[in-house]
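Bear in mind that the values in this text are calculations on the coordinates, not laboratory data. This structure is a prediction, so every number in the text was calculated from the model and none was measured. Quick reminder, even Gly has a Cβ in these numbers, built from the backbone with ideal geometry, and neighbours come from all protein chains shown.
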Amino acid sequence: MARRRRIYEGKAKVLFEGPEPGTIVQYFKDDATAFNAQKKGVISGKGVLNNRISEYIMLKLGEIGIATHFVRRLNMREQLVHEVEIIPIEVVVRNIAAGSISKRLGIEEGTPLPRSIVEFYYKSDALEDPMVSEEHITAFGWANPQDIDDIIALALRVNDFLSGLFLGVGIRLVDFKLEFGRWYDDQDNMRIVVADEVTPDSCRLWDIKTNEKLDKDRFRRDMGGVEEAYQEVARRLGILPEAGPQDLKGTKSIN
Ligand code: TMP
Ligand code: ASP
């Protein structure tokens, strides 16, 4: 097979030039990092599961009219997406206190928040993704006020929809992170779309009955049972790979 041009390698994914102009191939690795890559590890089978889980969620979002970068899944570890201009902001939506908000504001983990809270972080490994406000985003030109209004509205729609979707399979959506991109169509019209991934790497997912963590916090906090947690999310969503857990390795070859 012809060697593809590698565009970018991130912590959990590799991006390749896609087969048609304006497309990108997202390859999902098993690599996991936490605390700005100070902690590194491998979650066996994660790439295969995250490829499936993100496909499933992006398709569901599409069904309710939320535009995403997703085109189609190509194989066990790869999906085709539209090439977008990533807005350099991580958008976090929180329903229940956990992680950094608990630490920063001294709120016990598990406390329901008075309402869903949207936060912005500037995407910069060198600066360890500092929290920023709308003022910073507009002043530095990362997005304009209209973009921010659209992003907040989209993030809250995604939150409502995914909260219901996960609730239906016995999972509480505690919080999650989204990234958005600017997608230009053939007529050069710009649309803000959900990009990157939506997976247990980027969400906090707790079992509704036991509060058991079914997400990357198991890796961040050395809790064990990491692979099983990702499999459980896929199983509940009804999307374990056809052959079942024995098929989770998938091909590792990156061309
Ligand atoms: P936080 O509590 O550490 O700020 O994380 C909030 C949510 O964002 C949580 O669901 C995990 C996700 N997240 C990422 O996807 N990438 C990151 O780099 C960080 C820090 C959090
Ligand atoms: N993946 C992020 C990093 O290593 C952090 C996290 O998800 O906790 O920077």
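Does Arg115 count as more than 11 Å from ligand 1 (Cβ to nearest atom) and under 25 Å from Trp206 (Cα atoms)? Yes, satisfied. If you go through segment 197-222 and keep only what is free of Cβ contacts under 8 Å to residues at least 40 places away in the same chain and part of a helix (DSSP H, G or I), you end up with just Arg218. From the list Phe166, Phe176, which one is under 30 Å from Arg236 (Cα atoms), touching a helix residue (DSSP H, G or I) at 6+ places or on another chain (Cβ under 8 Å) and of a type in the set (Phe, Trp, Tyr)? Checking each option against the conditions leaves just Phe176.
Look at (1) touching an Asp or Glu at 6+ places or on another chain (Cβ under 9 Å); (2) surrounded by fewer than 20 Cβ atoms within 10 Å (Cβ to Cβ) and you find that Ile57 fails only one, number (2).
Being exposed (fewer than 14 other Cβ atoms within 10 Å of the Cβ) and not in a loop (DSSP other than H, G, I, E, B), is that true of even one residue in segment 118-126? Within segment 118-126, none of the residues are exposed (fewer than 14 other Cβ atoms within 10 Å of the Cβ) and not in a loop (DSSP other than H, G, I, E, B). In summary, strands (runs of 3 or more DSSP E) completely within segment 21-73 and bearing 2 or more residues that are away from ligand 2 (no atom under 16 Å from the Cβ) occur at 23-28, 70-73. Scanning segment 101-129 for residues that are touching a residue at least 12 places away in the same chain (Cβ under 8 Å), under 21 Å from Phe35 (Cβ atoms) and of a type outside the set (Val, Ile, Thr) gives Glu109, Glu119, Phe120, Tyr121, Tyr122, Lys123, Ser124, Asp125, Glu128, Asp129. Being touching a Phe, Trp or Tyr at 6+ places or on another chain (Cβ under 9 Å) and either among the β-branched types (Val, Ile, Thr) or under 11 Å from Arg220 (Cα atoms) (or both) is the filter here, so list the residues in segment 34-56 that pass it. Passing the criteria: Ala34, Lys39, Gly41, Ile43, Val48, Ile53.
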